[in-house]
1. Hey, any idea what % of the stretch 1-83's accessible area is carbon plus sulfur with a 1.4 Å probe?
2. If you stretched the chain out fully between Glu4 and Thr155, how much longer would it get, using 0.36 nm times the residue separation minus the C-alpha to C-alpha distance?
3. For Thr169, Thr161, give the ranking by accessible area with the largest first, probe 1.4 Å.
4. Under a straight-distance cross-link criterion of Cα-Cα below 20 Å, which lysines are reachable from Lys81, leaving out those fewer than 8 residues away in the same chain?
5. Report the gain in length on full extension from Val129 to Asp84: 0.36 nm times residue separation, minus Cα-Cα distance, nm rounded to one decimal.
6. Kindly report the accessible area of the stretch 1-71 per residue (heavy atoms of protein chains, probe 1.4 Å, no ligands, DNA or RNA), in Å².
7. Which loop-located chymotrypsin sites (Phe, Trp or Tyr not before Pro) does the stretch 1-98 contain, where loop means any DSSP state but H, G, I, E or B and the Cβ has at most 12 other Cβ atoms within 10 Å?
8. Enumerate by residue number the GluC sites (Glu not before Pro) in the stretch 15-92 meeting two conditions: DSSP loop (anything except H, G, I, E, B), and at most 10 other Cβ atoms within 10 Å of the site's Cβ.
Amino acid sequence: MLTEKETEIIEGCRKGDEESQRALYLIYGPLVKGICVRYSEDEQEAEDFFHDIFIFMLTHFEHFENITSLGGWIRTITINKCIDFLRHKKLTNSIPMSSLNCDFNDATTHDYDGIPMGDLQAFILQLPVNQRTAFNLYVIDGIKQEQIAEMMQMTQNNVSTLISRARGTL
């Protein structure tokens, strides 16, 4: 169920109201940025994802009806767009392997198996891109392997293998 403030933001963004767009950015920017960082190769790519996703959201509000959770909707859009960006990069064979040193501002800050989330995210960034993507979707974002297979356009067995290898490496 949407709060009154969320409803105002959605309606304002649909009308192109700058104050509503600013509120959306200020409230949900850290969530989007944290997700972008998890799925990107470096800080510049995370910024590109972040920018493109906000433009997409702000220009497509009118196409989305029955939004029951603004945060959930934004999280889903962000993850799906990041996967689309990675899929496009894979098709163009331009994925550089590098590490990232930056702050993680996602709302997911709890420990995972006794490992502080910030440390875990630093380790995750060292994984190959497919392993990192599958691990993030399954472990961090809680998406089922069937859905991950569809998103990554591979078999469920391949997804399971990627997750298993990521866990083994970590």
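The values are calculated or read from the model by the stated rules, or taken from the named source; none is laboratory data. Because the structure is a prediction, the values reported are computed rather than measured. Cβ placement follows ideal geometry from the backbone for every residue including glycine, while neighbour counts extend to all protein chains displayed. Just so you know, the surface numbers come from the protein's heavy atoms only, side chains and all, with ligands and any DNA or RNA stripped out. Shrake-Rupley method; radii C 1.70, N 1.55, O 1.52, S 1.80 Å.
1. Values: 2210 of 4170 Å².
Here carbon and sulfur together make up 53 percent of the probe-accessible area.
2. Values: separation 151, 0.36 × 151 = 54.36 nm, distance 4.17 nm.
Gain on stretching Glu4 to Thr155: 50.2 nm.
3. Details: Thr169 95, Thr161 60 Å².
My answer, sorted largest first, is Thr169, Thr161.
4. Once the sequence-local lysines are set aside, what remains near Lys81 is Lys33, Lys89, Lys90, Lys144.
5. Values: separation 45, 0.36 × 45 = 16.20 nm, distance 1.33 nm.
Residue separation times 0.36 nm, minus the Cα-Cα distance, leaves 14.9 nm.
6. On the way: 3820 Å² over 71 residues.
Normalised by residue count, the accessible surface of the stretch 1-71 is 54 Å².
7. On the way: sites: Tyr25, Tyr28, Tyr39, Phe49, Phe50, Phe54, Phe56, Phe61, Phe64, Trp73, Phe85; in loops: Phe64.
Sparse-neighbourhood loop chymotrypsin sites (Phe, Trp or Tyr not before Pro): Phe64.
8. Numbers: sites: Glu18, Glu19, Glu41, Glu43, Glu45, Glu47, Glu62, Glu65; in loops: Glu41, Glu65.
Filter output for the stretch 15-92: Glu65.
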